[in-house]
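The values are calculated or read from the model by the stated rules, or taken from the named source; none is laboratory data. From a predicted model like this one, the values you see are computed outputs, not experimental measurements. For neighbour counting, all protein chains shown are included, and Cβ atoms are generated from backbone atoms with ideal geometry for every residue, glycine included. Each accessible area value is taken on the protein alone, full model and side chains, heavy atoms only, with ligands, DNA and RNA left out. Shrake-Rupley method; radii C 1.70, N 1.55, O 1.52, S 1.80 Å.
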Amino acid sequence: MALFGALFLALLAGAHAEFPGCKIRVTSKALELVKQEGLRFLEQELETITIPDLRGKEGHFYYNISEVKVTELQLTSSELDFQPQQELMLQITNASLGLRFRRQLLYWFFYDGGYINASAEGVSIRTGLELSRDPAGRMKVSNVSCQASVSRMHAAFGGTFKKVYDFLSTFITSGMRFLLNQQICPVLYHAGTVLLNSLLDTVPVRSSVDELVGIDYSLMKDPVASTSNLDMDFRVPGQSALTLTVNAPPQGAFFPLTERNWSLPNRAVEPQLQEEERMVYVAFSEFFFDSAMESYFRAGALQLLLVGDKVPHDLDMLLRATYFGSIVLLSPAVIDSPLKLELRVLAPPRCTIKPSGTTISVTASVTIALVPPDQPEVQLSSMTMDARLSAKMALRGKALRTQLDLRRFRIYSNHSALESLALIPLQAPLKTMLQIGVMPMLNERTWRGVQIPLPEGINFVHEVVTNHAGFLTIGADLHFAKGLREVIEKNRPADVRASTAPTPSTAAV
């Protein structure tokens, strides 16, 4: 009995398993590019270090060291690695900092002052960023660990009291080294938890695609780091494991703007990411695309109405000739009335992804009628259309784009097989009308694409699309269209360093 209960619970847990509709993997090949941009940003941040004035006396000598500024950072060795437990670890060894400060010395009635350059050598920094999912489903830097130390300092004193400065230099530089040690980690903590989070805030989590449909990228869980990559799993639109519900919040990708509390069962396979040759890989399941088409279907967008002059002239003539007998029998007085052609998708289209390609299946009704002015319309025919479209996906910049092509097309009557045979002459012109009049409108919209969740200023380049059974993957490299500093300055929040920085005790002195 206990075994049966355990088996039942395992099956129940499996039934409620929630598969991501979209996955993103950042590989270790991206780290070198990220490190180069990150070190430029780190150098600029360390230049903001504010070191308190150092003042005191030794016998009859009074000294004051003030206006200490970091002027440059020279890196000899640095490494950026993924660490398990959601960490991105940066280690800098044997670096040096250039400093400039103002000196003031008073000995009895003699005064000396001026500016001097100094250097902090043997600088070691080890800092880790802990990444997590916040309540809104966005990736955040939740914590910053830091160890920093300065091995030695050197200052080239000169001026009237050079001999005196040489005597005091050990004491002064030791004090400055102690103060510098205390300031590095608070600056890095602020850079991670405030400034880098302002960059992550530029990643779109929930936004409108157009006036009908929205997209919602929400992390299902905290990012998972291994020694070689960082994986992120995203829900899809109001994803539900078993049933359709209207009470669950829509977390995922596409959803109708008029039905924000909308959920959809996900029966697609879980996308898998195995490759590591490119900097970034993005995987989409069939459900990701099904959710988009379901959303547009529920929003009432998958229909087309052509009346009068909107019907192509050649098709208008062919339809009137085909249904001439019906027109004469039903209502010969309206024979010259405008023609109406209405296409309405009957069910949400479905996407099928195979190694050989991606196809979209569509079933729609086709209604042909005459619409005399100020009179009820006269229906000539109602038929069903089955179409199969091929879809080619591409990633441009940070937008996922789709190119559609009509491959198969079939129409048949809802009433009889005999009428279906009579519709065969209409098949070719209707297909031509779809290819010339409908497909360009669809492709104009699908080629605009939808944004992939990337921070501002970062784009994809060198994309390669690979189809699998039930999902597709896109491998790409990263390109910084804007520098980190530029994006962060644009989105910089109010400076809250004083309230967010840890105590200086986090630095290794």
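Structure data summary
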item: The range 43-60: number of residues that are over 18 Å from LEU75 (Cβ atoms), among the acidic types (Asp, Glu) and part of a loop (DSSP other than H, G, I, E, B); result: 1
item: Close pairs from the range 108-120: first under 12 Å from HIS60 (Cα atoms), partner β-branched (Val, Ile, Thr), Cβ under 8 Å, at least 6 apart; result: PHE110/THR160
item: Residue list for the range 327-350, filter: open to solvent by 40 Å² or more (accessible area, probe 1.4 Å) and modelled with pLDDT under 80; result: VAL328, LEU329, LEU330, PRO332, ALA333, ILE335, ASP336
item: Residue in the range 116-140 that is least open to solvent (accessible area, probe 1.4 Å), counting only those that are within 17 Å of ASP231 (Cβ to Cβ) and not polar (S, T, N, Q); result: GLY137
item: Whichever residue in the range 405-426 is over 30 Å from ALA394 (Cβ atoms) and at pLDDT 80 or above and, among such residues, is least open to solvent (accessible area, probe 1.4 Å); result: ILE411
item: GLY470 vs. criteria modelled with pLDDT of 80 or more and either open to solvent by less than 40 Å² (accessible area, probe 1.4 Å) or farther than 20 Å from THR358 by Cα (or both); result: yes
item: Single residue of the range 96-115 satisfying the filter (of a type in the set (A, V, I, L, M) and either in contact with an Asp or Glu (Cβ under 6 Å, 6 or more places away or on another chain) or modelled with pLDDT under 80 (or both)) that is surrounded by the most Cβ atoms within 10 Å (Cβ to Cβ); result: LEU105
item: Any hit, the range 247-269, residues being modelled with pLDDT under 80, open to solvent by 20 Å² or more (accessible area, probe 1.4 Å) and within 22 Å of VAL464 (Cα to Cα); result: yes
item: The range 69-92, residues that are within 26 Å of SER142 (Cβ to Cβ) and in a strand (DSSP E or B); result: SER78, GLU79, LEU80, ASP81, PHE82, GLN83, GLU87, LEU88, MET89, LEU90, GLN91, ILE92
item: Residue within the range 142-159 that is buried (at least 16 other Cβ atoms within 10 Å of the Cβ), closer than 25 Å to ILE452 by Cβ and either touching a Lys or Arg at 6+ places or on another chain (Cβ under 6 Å) or at pLDDT 80 or above (or both) present; result: yes
item: Test result for GLN379, out of contact with any strand residue (DSSP E or B) (no Cβ under 9 Å at 6 or more places or on another chain), farther than 30 Å from LEU454 by Cβ, among the polar types (S, T, N, Q) and open to solvent by 50 Å² or more (accessible area, probe 1.4 Å); result: no
item: Residue in the range 427-445 that is open to solvent by 40 Å² or more (accessible area, probe 1.4 Å) and within 22 Å of GLU37 (Cβ to Cβ) present; result: no
item: Scan of the range 41-71 for residues that are under 26 Å from GLY457 (Cα atoms) and touching a Leu at 6+ places or on another chain (Cβ under 7 Å), ordered by number; result: PHE41, GLU43, LEU46
item: Residues (touching a Gly at 6+ places or on another chain (Cβ under 7 Å) and either open to solvent by less than 20 Å² (accessible area, probe 1.4 Å) or among the aliphatic types (A, V, I, L, M) (or both)) located in the range 196-218; result: VAL205, ASP216, SER218
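Table: residues versus (1) of a type in the set (S, T, N, Q); (2) in a strand (DSSP E or B); (3) more than 18 Å from the chain's Cα centre (by Cα).
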residue	(1), (2), (3)
ALA428	no, no, yes
MET433	no, no, yes
ARG448	no, no, no
LEU454	no, no, no
LEU472	no, yes, no
